[in-house]
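Undergrad: My questions will all concern the structure given below.
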Amino acid sequence: MNLKSFIALLFSSFAFSAYGSCIGTQNTKASPYSFYVVPQLAVSETYIAWTPVLDQIGKKLNICFDLKVLPGIQLFERELLAGKPDFAFMNPYHLLPAKTDQGYIPIIADGKNKLSGIIVVRKDSGISSLKDLNGKKLAFPAPNSMAASLLIRFTLDQNNIQITPEYVKTHGNVYRSVALGDYVAGGGVNNTFKRESPVLQNELRVLFETPKIMPHPVAVHPRVPVQIRQAVARTFVELGKDSNMVKKLDQIQIPKPIEVSYERDYQNLEKLGLEKFLEKPSD
């Protein structure tokens, strides 16, 4: 059994968090930095994708990371807004309350692919326009998923299309539930849909795509020392120039890491007026 199969088997039996207690330099005496990843896909897939990247960064900087992947986006939001992650890979709109409530600072995002929300339907569906969704139940990962939920529900509302949203925890669950016919349509994003198996993609078609926005950032809590923040950002960028890391970085949706700032890259999201559709994570 190879490593990928072993990790997938291990985490398929867990309904809770996936924890990697020290990814990177094993002999460091310093406490590991917690690194949360928003669970767009299955816990095992996310863990497999992020472990080799964090391992490289940790070894280069003589630090280690405690990788935490929760089984649902709302659980991730609750921990994020409580300030538990030292580092977090989050959706762009998560950054707004995370910055306001806890002071999180974006440091890295992908400079190659912008983010867009998509509505998928079965390929053999008779639905041909957004108006055909009026009065229907749609699947979404979570209420506050930026492109996969907020932007789509905003667009439908602007077009006077009334739908009943239901939340199925991850992007992968959305695609599968639509393919199985549990819902006539569902919300996802371009970057996760293209990572699904060709078999699943072939069952679905994209009915609608939102305008593109800046993609998910890696953000850091202000308690993390400035030199560590800067070193992690710099190392991400350096890995983007390493041909051996290209595929691994693509797996975490950051094929071309670039340094980012809130004011330049994400502050414009405040003007979208999506507050009407936000839901606070339940306690």
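Undergrad: In this structure, does Pro141 turn out to be touching a residue at least 24 places away in the same chain (Cβ under 8 Å) and over 22 Å from Ala49 (Cβ atoms)? If you could, list the steps in order and put the result at the bottom.
TA: Details: touching a residue at least 24 places away in the same chain (Cβ under 8 Å): yes; over 22 Å from Ala49 (Cβ atoms): no.
Answer is no for this residue.
Undergrad: Quick check, is Pro211 within 30 Å of Lys248 (Cβ to Cβ) and in contact (Cβ under 8 Å) with a residue 60 or more places away in the chain?
TA: Working: within 30 Å of Lys248 (Cβ to Cβ): yes; in contact (Cβ under 8 Å) with a residue 60 or more places away in the chain: yes.
Answer is yes for this residue.
Undergrad: Considering every residue within the range 87-109, establish whether at least one is in the same structural domain as Val260 (by TED's automatic domain parsing) and among the charged types (D, E, K, R). Explain how you work it out, then say what you get.
TA: The first filter runs over the range 87-109 and keeps only residues in the same structural domain as Val260 (by TED's automatic domain parsing), leaving 87-109.
When the remaining residues are screened for being among the charged types (D, E, K, R), the result is 99, 101.
Yes - at least one qualifying residue is present in the range 87-109.
Undergrad: Tell me, which strands (runs of 3 or more DSSP E) wholly within the range 78-174 include 2 or more residues that are surrounded by 21 or more Cβ atoms within 10 Å (Cβ to Cβ) and under 15 Å from the mean Cα position of the chain (by Cα)? Reasoning before the result, please.
TA: Values: elements: 87-89, 105-110, 117-122, 137-140, 164-167.
In the range 78-174, the matching strands (runs of 3 or more DSSP E) lie at 87-89, 105-110, 117-122.
Undergrad: Go through the range 30-65 residue by residue and tally those that are touching a residue at least 40 places away in the same chain (Cβ under 8 Å), among the hydrophobic types (A, V, I, L, M, F, W, C) and not in a helix (DSSP H, G or I).
TA: Residues flagged as touching a residue at least 40 places away in the same chain (Cβ under 8 Å), among the hydrophobic types (A, V, I, L, M, F, W, C) and not in a helix (DSSP H, G or I) within the range 30-65 amount to 8.
Undergrad: I'd like to check which helices (runs of 4 or more DSSP H) are fully inside the range 186-283 and have at least 2 residues that are surrounded by 19 or more Cβ atoms within 10 Å (Cβ to Cβ).
TA: Details: elements: 190-193, 198-203, 226-239, 246-251, 262-265.
Counting at least 2 such residues, we get 190-193, 226-239, 246-251.
Here is a yes/no grid of residues against (1) out of contact with any Phe, Trp or Tyr (no Cβ under 6 Å at 6 or more places or on another chain); (2) at pLDDT 95 or above; (3) aliphatic (A, V, I, L, M):
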{"residue": "Val53", "(1), (2), (3)": "yes, yes, yes"}
{"residue": "Ala82", "(1), (2), (3)": "yes, yes, yes"}
{"residue": "Asp86", "(1), (2), (3)": "no, yes, no"}
{"residue": "Phe89", "(1), (2), (3)": "yes, yes, no"}
{"residue": "Leu96", "(1), (2), (3)": "yes, no, yes"}
{"residue": "Gly126", "(1), (2), (3)": "yes, yes, no"}
{"residue": "Lys131", "(1), (2), (3)": "yes, yes, no"}
{"residue": "Lys136", "(1), (2), (3)": "yes, yes, no"}
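The values are calculated or read from the model by the stated rules, or taken from the named source; none is laboratory data. The structure displayed is predicted, hence computed values, not measured ones. When we count neighbours, we look across all protein chains shown, and the Cβ atoms used for this are built from the backbone with ideal geometry, even at glycine.
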